[in-house]
Amino acid sequence: MSPRQAARQGQRSAAREEAAAVVRWGISQGLPRAAVRFAALRGDEVAKLLLDPARPDARALYDGLRRRGPVALPGAFGAVLGHAAANAVLRSDSFGVGNSELPTAVRRLYARATRGRVPGPTEPPSMLVTDPPLHTRYRKSVSKAFTPRHVAVLEERMTATAARLLDELGTASRFDLVDRYASRLPVAVIGDLLGVPPEERQRLLRWGDSAALLIDPGLTWRQYREADRALAAFADWFLGHLRRLRRDPGDDLLSRLTVLEGDDALDERELLSVGMLVLGAGFETTVSLISNAVALLDRHPEQLSKVQGDPGLWAGTVDEVLRLDSPVQFTMRVAYEDSVIEGVEIGEGQFLVMMLAAANRDPAVFDDPHTFDVTRPNAADHIAFSSGIHYCLGAGLARLEGRVALRMLYERFPGLRVSGPSRRRRTRALRGFARLPVTVPKSPARQFVTEAE
Ligand code: HEM
């Protein structure tokens, strides 16, 4: 083939990939986005909520919606707001993640546009978007490599990483908490989980951002294209990495998954999907937990004093942050058959926005639900990690990470204050900070103390 022919062929295949990307975006993002915009224009409050990424006043918004009852069905989109109702839906076989709910023709078109392409964190075989029996199989395999014992091993490395990051901050008196700390600890933990050598971890930061973006529904074409390209780059790198681990397995989650045998064995595509999911579901969410916590503690210095005076309160503080400023604000489910939830009839095919953040402020479960109280006895009853079969697989790890990150941060910098202007991420389902500048008064560093269990 002449160089000119080769160039032409390259152009044609680039154009084909661009067209396939438009189809993928249209079906997975563009059409739902248009439907939500249309419903919002017609005054649908649930749709308005889905469209508004800023949401400065969560309290008024959720209380307003809650007045419609535990399940609000004002239009095309239903919203589940009550704690008991959300638990009931998330634990029921009558509802699912609804990946097969698209009309057959659309499904075929989508399948063609995704042929030969790596699946993202919200595409099968990702656990997050598969129903049983496939979900049961993936979850069983991954859980085997993700036991509490393995999580405990990560604690030691996590503590060492947090100490190093704080050392690197040295005597800095002003820094962006997200950039210098809240994002670097989770990326190191995910690097450990996936067996990524330290010198290659920096790249995970950018890919993690993109993977998290793809979890957010209704992306614009530009956002989608950027995230999609970044994930293709991640997949290229990941497959090479997987081959290295197969030759020389380490003591990490991914190496343990590569050696599973029999019914539990995962093929290359499934392993890639686990990698994508861990990066998409486990990175930005934990960054948000840490930064949301610092923002809340800053606004409530009396609560900060309490936990600084009694480090045993850090575990409860992490749950109270997850409850009050949930990193995952909502998820989606579809009704597979007619059902009744908390006295409300829900018809087959109904799309439901599961408002985890609203359920976490349900006054029937949490006294004075809008108050931030680090000693709240039932803070851990929140459903920030969802409920039922998709309950977050990384919940134990995320709680541990939150505790270690916050305790060590405030022990090193007891006088740390947020010193705006901060900026929230422009995502809808994920709620966290893109930027959170903090200042540290010049005072001698404190020694770390051991957390009381
Ligand atoms: C504060 C941090 C985190 C929050 C708030 C969070 C939240 C969630 C939520 C709400 C779901 C379920 C979504 C649904 O029901 O549709 C979920 C699923 C999942 N999370 Fe997390 N997550 C966090 C951290 C992590 C970490 C650190 C990891 C792993 C490293 C992780 C791995 C997963 C996986 C694999 C699933 C899919 C489980 C399934 O579908 O069976 N998450 N997470």
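The values are calculated or read from the model by the stated rules, or taken from the named source; none is laboratory data. In this text, all values refer to a predicted model and were calculated from it rather than measured experimentally. Positions of Cβ are generated from backbone atoms using ideal geometry, with glycine treated the same way; all protein chains shown enter the neighbour counts. The area values use the complete protein model at the heavy-atom level, side chains included, leaving out ligands, DNA and RNA. Shrake-Rupley method; radii C 1.70, N 1.55, O 1.52, S 1.80 Å.
What to note about this one:
- Gain upon complete extension [Arg16, Lys306; 0.36 nm per residue less C-alpha separation]: 98.5 nm
- With bins 5 Å wide beginning at 0, the percent of Cα pairs of region 113-180 falling in each bin runs 3, 12, 13, 12, 11, 13, 13, 11, 8, 3, 1.
- For region 344-453, the square roots a ≥ b ≥ c of the C-alpha gyration tensor eigenvalues yield an a/c of 1.5 or more together with a/b exceeding b/c, which makes the shape prolate.
- In Å², nearest 10: area of Thr130 left accessible to a 1.4 Å probe: 10
- Cα point-scatterer Debye curve for the chain, base-10 log of I(q)/I(0) at q = 0.10 Å⁻¹: -0.75
- Relative contact order (%) - criterion: Cα under 8 Å, at least six apart; region: the chain: 22
- Bins of 10 Å, starting at 0 and running to the largest distance - Cα pair percent for region 235-372: 10, 25, 22, 26, 17, 1
- For the pair Ile389 and Glu268, a Förster radius of 22 Å applied to the C-beta separation gives a FRET efficiency near 0.30, rounded to the nearest 0.05.
- Using a probe of 1.4 Å, the accessible surface attributed to Leu61 totals some 60 Å² when neighbouring protein chains are kept in position.
- With q set to 0.22, 0.30, 0.31 Å⁻¹, the log10 of I(q)/I(0) for region 244-285, from the Debye formula over equal scatterers at the Cα positions, is -0.77, -1.09, -1.11.
- The alpha carbon convex hull volume per residue for region 143-280 rounds to 130 Å³.
- Ignoring lysines fewer than eight residues from Lys306 along the same chain, the ones with Cα atoms less than 23 angstrom from its Cα are Lys442.
- Ellipticity at 222 nm from helices only: DSSP H runs of n ≥ 4 in the chain, each -39500 (n - 2.57), divided by the residue count, give -16000 deg cm²/dmol.
- Once the Kirkwood radius over Cα pairs is known for region 166-240, the Stokes-Einstein relation at 25 °C and 0.890 mPa s delivers a diffusion coefficient of 176 µm²/s.
- Region 96-155: relative contact order as a whole-number percent, Cα under 8 Å and 6+ apart: 30
- Expressed as a fraction of 2.2 N^0.38 Å, the C-alpha radius of gyration for region 314-385 is 1.29.
- Computed Rg/Rh of region 71-146, alpha carbon atoms with Kirkwood Rh: 1.04
- Helices in the chain that qualify as membrane-span-like (whole DSSP H runs, Cα extent of at least 27 Å along the helix axis, mean Kyte-Doolittle hydropathy of -0.5 or higher) are 148-169.
- As a size descriptor, the averaged projected area of the C-alpha convex hull of region 157-207 was calculated at 3.6 nm².
- Its Cα gyration tensor gives region 1-85 an equivalent ellipsoid. The semi-axes, each the square root of 5 times an eigenvalue, are 45, 12, 11 Å from largest down.
- Rg to Rh, two decimals, where region 1-142 supplies the alpha carbon set and Rh follows Kirkwood: 1.09
- Modelled this way, with points 7 Å down the Cα-to-C-beta line, the labels at Arg107 and Arg247 are 4.1 nm from one another.
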